[in-house]
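The next block holds one structure in the form of structure tokens; read it before the comments.
The values are calculated or read from the model by the stated rules, or taken from the named source; none is laboratory data. In this text the structure is predicted, and so the values were computed from the model without any measurement. Here the Cβ is made from the backbone with ideal geometry for all residues, glycine too, and neighbour counts use every protein chain on show. The area values use the complete protein model at the heavy-atom level, side chains included, leaving out ligands, DNA and RNA. Shrake-Rupley method; radii C 1.70, N 1.55, O 1.52, S 1.80 Å.
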Amino acid sequence: MNKYSVITIIAIIVIISPFLFSAMNVIGSQQLEYRWYSPGTFSFFTMLNHGETEFCNTLPFWISFQKFEVSVFYTDAYLGSYVVKPLTLDPLASGVQEGVFSSEDISNAQHVFMNFDFEFDSGDIRLDPNQFVVVIQTDTPILNLIPYSSTTQITGFEFDQIMNAEDLTCD
């Protein structure tokens, strides 16, 4: 093999590598598992007071995300968001990252969260759980230039079950 072929192969690898890494992040953000750091202890009220989330990379390569945001709505009214800072995860490994909850109407969020925590722990139904919606958005920019978000909408009850999971693939 002559030196021009070697230079060409190295140049191709250098050019393709950032795109490959970005593609792995996009795929990884869609396969990401998560739960509250202390399994079985999650409540919306504790999330309101900040806390840590455990993330599990289920894929055999490194992944990273820039932002993990959980936006909470009740009857189409925005209650607030729980945002986790950027994180890079090793292959088939888990990591813990602190999140911060922010809301424009914290007292309303506290009231709604306490009611749903009570309902999800086998209490009386006071508020309609079908109108309690959680939108999960994971931002993983492509080449750190092109914004890309993976968004999932689930019910508050489903989110409560995910955050209270006892086992993740990485365990």
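Worth pointing out:
- Qualifying residue in the range 19-26 (condition: assigned to a strand (DSSP E or B) and touching a strand residue (DSSP E or B) at 6+ places or on another chain (Cβ under 7 Å)): no
- In the range 1-15, the residues that are open to solvent by 90 Å² or more (accessible area, probe 1.4 Å) and part of a helix (DSSP H, G or I): Lys3, Tyr4, Ile7, Ile10, Ile13, Val14, Ile15
- All of Ser102, Ser71 fail the test of being among the small types (Gly, Ala, Ser), buried (at least 17 other Cβ atoms within 10 Å of the Cβ), at pLDDT 95 or above and over 18 Å from Gln31 (Cβ atoms), apart from Ser71.
- You will find that of Ile106, Ile142, the residue that is out of contact with any strand residue (DSSP E or B) (no Cβ under 9 Å at 6 or more places or on another chain), at negative phi and not charged (D, E, K, R) is Ile142 and no other.
- Matching residues, the range 27-45, being open to solvent by 50 Å² or more (accessible area, probe 1.4 Å) and part of a helix (DSSP H, G or I): Ile27, Gln30, Gln31, Phe45
- The test for being open to solvent by 80 Å² or more (accessible area, probe 1.4 Å) and over 23 Å from Glu119 (Cβ atoms) holds for Pro60.
- Taken together, the residues in the range 74-86 that are under 19 Å from Phe55 (Cβ atoms) and either among the small types (Gly, Ala, Ser) or modelled with pLDDT under 95 (or both) amount to 3.
- The set of residues from the range 46-63 being assigned to a strand (DSSP E or B) and over 22 Å from Gln137 (Cβ atoms) is empty.
- Among the residues of the range 145-171, those identified as in a helix (DSSP H, G or I) and under 22 Å from Gln66 (Cα atoms) are Phe159, Ile162, Met163.
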